[in-house]
Amino acid sequence: MHTLYPGQFTRRKFLNGLALAGTAGFLGWHPRQAAAEPPPETTRIRLVRIPSICQAPQYVAEELLRSEGFTEVQYLQKAGTADIASALASGEADLNGHFAAPLLLSLEAGDPIVILAGLHIGCFELFGTDRVQTIRDLKGKTVAVPTLDSSRYVFLATMMAYVGLDIRRDINLVTLPGPESIRRLRERKIDAYLGFPPEPQEMREQQIGHVVISSTVDRPWSQYFCCMLAGNREFVRTNPVATKRALRAILRAADFCANEPEQSAQLMVSRGYTQRYDHALQVMKAIPFQWREYSAEDTLRFYALRLHEVGMLKSTPHELLAHGTDWRFLNELKKELKG
């Protein structure tokens with residue numbers, strides 16, 4: 001597959017674009033605010049890299065992380081979303097974007113993870129054959145997920161719970177790698193598949209199935225965060241300045257993705273996060289990187305209730321929020337980064 005994007009992306013282009021993205025400081029933020037703070041307790045920050053490109057802000061943030069005092073910025077290559085929580089819990093990764101619903105399961109399991117902020121709305125899309133027009137039509141159908149501990153499985157479970165279905169008894173669930181699932185959907189050997197970018201872009205291009213639900217535009221999913229930012233609990237506890245600085249870099253990068261989708265897409269291709277500029281640009285333009293406008297707490301309550309309804313969570317939303325979240329950095333940054 002050819003790389004399709006106009007021109008090369010350089011550090012100079014990124015920094016120039018950052019300067020142009022807002023007047024009087026980038027979207028209301030001034031470098032002197034960071035200069036007035038203590039330096040980060042550590043100059044190393046470790047994040048996770050997976051094939052999905054909906055986590056673009058944390059990849060775009062590399063230069064911003066360096067400007068915040070992190071001289072060593074590491075991206076740990078992992079196979080998929082199922083590896084994110086374990087990397088955070090073990091301390092292999094310090095901070096990372098992850099999907100809301102799986103984070104709740106990690107909290108109940110006792111993983112030393114703390115949720116810090118929402119990142120963006122939308123990204124996952126349910127594709128089906130003509131036999132599936134609504135979520136309720138999944139009953140009795142064959143649906144594929146990569147693994148039973150994947151984010152796709154948990155999101156699918158919450159979507160089904162919302163309409164009164166139980167993923168464990170109401171569908172025929174098969175575990176297949178993403179490319180094999182897409183191939184079987186094309187051949188109508190399965191009925192539905194939940195895709196993350198760039199899969200939905202590829203499936204639309206190849207006219208494989210049709211979109212049953214898009215979490216970017218369809219309610220109630222479009223009213224809640226899909227991806228959130230979480231950290232290793234010990235890292236956050238011992239490195240509060242570094243945590244705030246890292247969060248600021250990623251949230252500023254989210255603003256950049258929203259305001260400069262072309263340059264963000266170029267950066268994603270130039271640094272090897274995806275091959276197709278046109279698909280990356282579609283993602284940058286489609287996903288609402290609106291971390292200020294939606295409620296992280298409401299998101300967690302919504303997904304916790306859905307998972308509780310089907311018995312996948314025993315804890316109440318209040319219990320999970322009480323011990324698994326820390327909004328102090330987000331509240332400070334909302335005041336600093338006025339968009």
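The values are calculated or read from the model by the stated rules, or taken from the named source; none is laboratory data. From a predicted model like this one, the values you see are computed outputs, not experimental measurements. Every residue, glycine among them, receives a Cβ derived from its backbone with ideal geometry; neighbour counts consider all protein chains shown. With ligands, DNA and RNA removed, areas are computed over all heavy atoms of the protein, side chains included. Shrake-Rupley method; radii C 1.70, N 1.55, O 1.52, S 1.80 Å.
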Original post:
Leaving out same-chain residues fewer than 8 places away, which lysines sit with a Cα under 23 Å from that of LYS335?
Top reply: LYS244
**OP:** Calculate the length of the line joining the C-alpha centroid of region 276-328 to that of region 186-254, in whole Å.
**Re:** 10 Å
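Taking each full run of DSSP H in the chain as one helix, which ones are at least 27 Å long along their axis (Cα atoms) and have mean Kyte-Doolittle hydropathy of at least -1.0?
Working: long enough: 240-259 (28 Å, 0.28).
Both cut-offs are met by 240-259.
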Original post:
List the lysines whose alpha-carbon lies under 30 Å from that of LYS314, not counting same-chain residues fewer than 8 positions away?
Top reply: LYS78, LYS139, LYS141
Original post:
Per q in 0.08, 0.11 1/Å, what log10 I(q)/I(0) does a Debye calculation on the alpha-carbon atoms of the chain return?
Top reply: -0.36, -0.69
**OP:** Report ³J(HN,Hα) in whole Hz for each residue of region 58-68, in order, from the Karplus equation J = 6.51 cos²θ - 1.76 cosθ + 1.60 where θ = phi - 60°; Gly and Pro get x.
**Re:** 6, 7, 4, 6, 3, 5, 5, 4, 5, 5, 8
Subject >> Amide H contacts under 5 Å for ILE121, placed H, 5+ residues apart >> reply: CYS226, GLN290
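Please return the longest range in the chain lying between exposed loop sites, taking GluC sites (Glu not before Pro), DSSP loop only, at most 11 other beta-carbon atoms within 10 Å, and leaving the sites out.
Values: sites that count: GLU187, GLU293.
After excluding every exposed loop site, the longest remaining stretch is 1-186.
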Original post:
Given +1 on the Cβ of Lys and Arg, -1 on the Cβ of Asp and Glu, and no further charges, what dipole in debye does region 136-226 carry about its Cα centre, rounded to the nearest 20?
Top reply: 240 debye
**OP:** Run the 1.4 Å probe and let me know the accessible area of LYS335, rounded to the nearest 10 Å².
**Re:** 150 Å²
Original post:
So how exposed is TRP327, as accessible area in Å² (1.4 Å probe, rounded to 10)?
Top reply: 40 Å²
Subject >> Debye, to nearest 20: dipole size of region 173-290, +1 on Lys, Arg Cβ, -1 on Asp, Glu Cβ >> reply: 380 debye
